[in-house]
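Remarks on the structure that follows.
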Amino acid sequence: MTVTPYTPQQFLQEAKEQQAISDKVSLLRRLIQAFPLDANAVVARENLVSLLAGSNRYEEALQEYQEKHPKTGAGNAIDFQLIEYLLKTGRYGDVLRATSAASGPIRDFTRDEKLLELRVQALLARGQYGVARECVDRWLADYAGDDIPGSRFEGDIRGIQFLRRHLMFLERTIGPKGKAIFTASVPDSLQHWSHRREVPLYIYKLVPAHPAGQLYEPMLPGRHEADDYFENLVDQMNRGFDYLSGGEFSLSFKGVDTLYVKEGDMDPTSTGGNILTSRVYVHTIPELYRLSGDAFVMLVDYRAQSEGEAAYMGDGLIHISASKLQILVMMHEVLHGLGATHQEWNYLQGQGYRFDPDDRGLMTFEKGELTYLGLEEKNRAVLGWPHVAVVRLSDDTPLAAEPAADTPDVVASSDLLPKLN
């Protein structure tokens, strides 16, 4: 009996129906190979790149993308997606070449700001503080005049001016070259820690510096003042990590200290702050510069304007508002440092792709909230952790109802789930 081969449409539809990402990838590649000139092959390649990038397989994503987009381009035709893949795969020389003269003859603030930020990140990943500062100087020479009160770009220019100040500080105190600085957009993850116990964790309280001097505005009275409060949070995180990692990973609490933050140094984007500026700023603090890349550091922000903020800053540095001191949020940011990424399939789901509804974990948001204690398949592959049952939180229990009785090894230590929050 002769088997009728798939048509391009059937290949694509089958890829959408399969739940396993590996099966989707295989079917899309077969479509592209069998029907390279078909219009569906173009769609399949776009979807394949999204699948690979979303699965932390950036090398493969870059190779597939470059098949049809080999050049980074320039001016209004610049390919930011290609440059970002080059950045994420550590090809910093290629990023610098692509951004060296990529702006076109037509002035474009948004394009040139994005180019500057990509270039600065690549330079910092090489430890070239002086050259990064020179790039910012040139950019400000072109665009500082747009700093008109109330204008669309006022906040952006202000953020770049603060970025220049932080780069100057690094250049002055460390020198034109220093150790590599990896922002959260540059994937120098600490995956080698995923099989290490007692990884150091330092906690710093961020409080606003008083504009008139060294005095600071008081924190909310009684809010997380004692060290044992934070030590207890770390103990609870370790219960969760012990379960997720099969006993391979844990943190070691190293105490609490205080840092004073001036306005503009680390402002949320909601108040006109610049993300890259904040990520560079935390590296200018001597204590954090010393610890970056060698420990996890949690910056607990007590300033009112940072309410609800939680972000991984790179090099093991985590910024989290005092209101977000929740076990799952803290674990989520630590997992970012280890190399885990968000579970985001919105684009592909919009194209009709199905995904395993049970593949959920601490990197999956549901209506903006973290509701799953577990780890997604793509992140288990990155960290080398075992497959454990996912526990879904509910509204009427501290974490979730107990898992089914036939679920093996769900609770690695006694009473794990009720103690997490």
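Taking only C-alpha pairs under 8 Å that are 6+ residues apart, what is the relative contact order of segment 321-395 in percent? If you can, show how the numbers build up before the last one.
On the way: 77 pairs, mean separation 20.4, N = 75.
In percent, rounded to a whole number, it is 27.
Can you list residues whose amide H is under 5 Å from residue 314's amide H, if they're 5+ apart or on another chain and H is modeled 1.01 Å from N?
184
Would you kindly derive the ³J(HN,Hα) couplings of segment 286-301 from the backbone phi angles with the Karplus curve 6.51 cos²θ - 1.76 cosθ + 1.60 (θ = phi - 60°), listing them in order in whole Hz, with x for Gly and Pro?
x, 4, 6, 4, 5, 7, 4, x, 10, 6, 8, 10, 9, 9, 8, 9
What percentage of the solvent-accessible surface of segment 5-83, computed with a 1.4 Å probe over protein heavy atoms, is contributed by carbon and sulfur atoms? If you can, show how the numbers build up before the last one.
Working: 2030 of 4040 Å².
Carbon-and-sulfur percentage of accessible area, whole number: 50.
Please identify, among 197, 152, 165, the residue showing maximal mean-square fluctuation in a Gaussian network model of the chain using a 10 angstrom Cα cutoff.
152
If you count the DSSP beta bridges with both ends in the chain, what percent of them are antiparallel, to the nearest 5? Spell out each step's value before the answer.
Numbers: 10 of 31 bridges.
Here the antiparallel bridges make up roughly 30 percent for the chain.
Taking square-rooted eigenvalues a ≥ b ≥ c of the alpha carbon gyration tensor, is segment 56-135 rounded, prolate or oblate, where a/c under 1.5 means rounded and, failing that, a/b exceeding b/c means prolate? Walk me through the numbers on the way to the answer.
Details: a/c = 2.38, a/b = 1.17, b/c = 2.03.
Oblate.
Given the alpha-carbon gyration tensor of segment 284-382, what are the semi-axes of its equivalent ellipsoid in whole angstrom, ordered largest first, with each equal to the square root of 5 times an eigenvalue? Intermediate values should be presented prior to the final figure.
On the way: eigenvalues 156, 52, 26 Å².
Result for segment 284-382: semi-axes of 28, 16, 11 Å.
Which one, 236, 144, 322, projects farthest toward the positive side of the charge dipole computed for the chain from Cβ point charges (K/R +1, D/E -1)?
Working it through, the farthest residue towards the positive pole turns out to be 144.
Strictly over 20 Å apart at the Cα level, which of 177/205; 88/378; 71/114; 24/378 would you flag in this model?
Working: 177/205 29 Å; 88/378 17 Å; 71/114 18 Å; 24/378 14 Å.
From the list (177/205; 88/378; 71/114; 24/378), the Cα-Cα distance tops 20 Å for 177/205.
Given a cut-off of under 8 Å on Cα pairs at least six residues apart, what relative contact order in percent is computed for the chain?
Numbers: 667 pairs, mean separation 57.6, N = 421.
The value is 14 percent.
Charges at C-beta only: +1 for Lys and Arg, -1 for Asp and Glu. How large is the resulting dipole of segment 245-375 about its Cα centre, in Debye rounded to 20?
Working: 9 positive and 18 negative charges, 12 e Å.
Value, rounded to 20: 60 debye.
Given a 10 angstrom Cα cut-off, can you work out which residue in 101, 295, 310 is the most mobile in a GNM of the chain?
Looking only at 101, 295, 310, the biggest GNM fluctuation is shown by 101.
Hey, could you pull the Cα Rg and Dmax for the chain, both in Å?
According to the Cα coordinates of the chain, Rg and Dmax are 23.4, 87 Å.
Want the number for residue 148 to residue 392: 0.36 nm per residue separation, take away the alpha-carbon distance, what's left? It would help to have the intermediate numbers written out before the result.
Values: separation 244, 0.36 × 244 = 87.84 nm, distance 4.93 nm.
My answer for the length gained is 82.9 nm.
Have a look at 259, 115, 167 and tell me which one the Gaussian network model of the chain (Cα, springs below 10 Å) gives the largest fluctuation.
Of the options given, 259 has the highest mean-square fluctuation.
Per residue of the chain, what 222 nm ellipticity follows from adding -39500 (n - 2.57) for every DSSP H run with n ≥ 4, rounded to the nearest 500?
Working: 16 runs with 184 residues, N = 421.
Dividing the helical sum by the residues of the chain leaves -13500 deg cm²/dmol.
The values are calculated or read from the model by the stated rules, or taken from the named source; none is laboratory data. Model, not experiment: these values are computed from the prediction. For neighbour counting, all protein chains shown are included, and Cβ atoms are generated from backbone atoms with ideal geometry for every residue, glycine included. Ligands, DNA and RNA are stripped out before the accessible areas are found, and what is left, the full protein with its side chains, is counted by its heavy atoms. Shrake-Rupley method; radii C 1.70, N 1.55, O 1.52, S 1.80 Å.
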